[in-house]
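Down below is the structure, laid out as structure tokens.
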Amino acid sequence: MIASVFGGLWRRPLTALCAGLLGSVAAQAASAADCPGHPDAIGTSRTIVVDPRAHPIIGTMQYNKTLPLEDHEVVLTFDDGPLPKYSNQILDILAAHCAKATFFLVGRQAKDNPAGVRKVRDAGHTVATHTQNHPSGMHHLPLDRSKQEIEQGIASVTAALADGTAPAPFLRIPGLRSTDGIEEFAASKGLQVWSADFPADDWRNVPAARVYDLAIQRLEAKGKGILLLHDIQPRTVAALPRILHELKVRGFRIVHVVPATADRPATPTEPAQWLLHPPSETVAISRWPKIPKFASAGPAALPVPALSDLDWRTSGLGVPAPRRGRGVPLPSVAPWPRQTTLLPTGTSASLPVPAASLFKIPESARMTMLASSARRAATAQARSTEVSAAKLTDKPRRNGRASAAQPPAAAGPAAQAPQSAGANAPKPAAQAKRNGRSVRVAGKR
Ligand SMILES: [Zn+2]
């Protein structure tokens, strides 16, 4: 039984793994064939068509949805261009790999370098927008300003394309500093807000090697997703060839994303595919039985209690009580019963005085007590010696032990005292105890 269960569990991933490997091999073979002159190119394994209106926000850095990618699929994105010096090198590297990406262009940059925008388009990449002026604190801007930034950015890139076409309705907010208002506005315009699944920190002042490390580590950690890079950074230019090479070595595949149009329908997907970690057959929680819906068989309402069922003590609870200051209102009369004082009836208040003979201890018993006291003293002495031998020589502690280990002296009066008064008897023992305690406290300081 157990073996068959495990057999079943093993077969499934193995089949999936084989299918994945075959798919990966097929994709790589196809990409090499698709990239003539570049046998080591990673290529572009497939293109997916997405409908922004159906999925207005994506990217797990901010949202719980992302692109419907398979395991080991990567979408490359580049922000902030075009800046000829570096953007052109990025385009060359991607061309050498036949890898298609999405470029989120800044309107002002497009205005300064419209040819750069057309280069991106002519290379077959997706042209998207990234606002007009790239405001760093867009979440602090009045919503009208944000709307203006978004619309001007689209207008500038549209003008740079100069062929009557508009950029893809994909929008990335600068610094990913989006707000609900911005997202609502974008959705109303049919724009898809792209966050990312992982950055590689290439906008920070870090070496190219660090950019490479972060890209690979974070991609491996999530297994797939949208990688956020910048085509205006020299460190990105330096890191990108290594990143693409390593992605290929590790079996990752590049996916190109384009928007759906009237004559290009969206790639069919299931809603669960848009979640980074959709519930799967192997996730235990999805196998828990659902809580059944209990249908009420009895009457819907319970009988109203009779007034006589209510105890008089609780009747006061329903009466609104006067407020005392600003605290919780208290009932004027406590609803719980007062404690009654029980008067002694008939029983005598005093007990008889015990007879003196009660305290008499026979001579034999006294001897036994002394003997056992002596034994205890001997044991305590031996223990004290052991402790000394163990080099616990701090003086107050030893004194404490010594006084505690003096039952003969203590036992003497204790044994002789009983007849005189009970109050005197415990004194030496209490003294020893007090000494011991004070010593212990002193030792802890
Ligand atoms: Zn940016």
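The values are calculated or read from the model by the stated rules, or taken from the named source; none is laboratory data. No experiment lies behind these values; they were computed from the predicted model shown. Neighbour counts run over all protein chains shown; Cβ positions are idealised from the backbone, glycine included. With ligands, DNA and RNA removed, areas are computed over all heavy atoms of the protein, side chains included. Shrake-Rupley method; radii C 1.70, N 1.55, O 1.52, S 1.80 Å.
For segment 116-129, the Karplus equation 6.51 cos²θ - 1.76 cosθ + 1.60, evaluated at θ = phi - 60°, returns couplings of x, 5, 5, 4, 4, 4, 5, 7, x, 7, 8, 9, 10, 10 Hz by residue, with Gly and Pro reported as x. The share of accessible area on segment 27-127 that comes from carbon and sulfur is 51 percent, using a 1.4 angstrom probe. Relative protection proxy for 159-168, 85-94, 143-152, from highest mean packing down: 85-94, 143-152, 159-168 (other beta-carbon atoms within 10 angstrom).
Taking a ≥ b ≥ c as the square roots of the eigenvalues of the Cα gyration tensor, an a/c ratio of 1.5 or more together with a/b no larger than b/c marks segment 97-214 as oblate.
Scanning residues 5 or more positions from residue 48 or on other chains, those with amide H under 5 Å from its amide H are 256, 257, 258, with H placed 1.01 Å from N in the peptide plane. Between residue 92 and residue 71, full extension at 0.36 nm per residue minus the direct alpha carbon distance yields a gain of 4.8 nm.
Other residues lying with their Cβ under 9 Å from the Cβ of residue 232 contribute a combined charge of -2, Lys and Arg counting +1, Asp and Glu -1. Remark on residue 192: its backbone amide H falls under 5 Å from those of 170, 171, a criterion applied only to residues 5 or more positions apart or on other chains, H modelled at 1.01 Å from N. Projecting label points 7 angstrom from Cα along Cα→Cβ for residue 123 and residue 250 puts them 2.3 nm apart. For the residue pairs 111/248; 119/147; 189/248; 119/189; 111/222; 147/222, alpha carbon separations beyond 31 Å are given by 111/248; 189/248; 111/222; 147/222. Simple spin-label estimate for residue 112 and residue 38 gives 2.7 nm between the two label positions (7 Å along the Cα-to-Cβ direction from each Cα).
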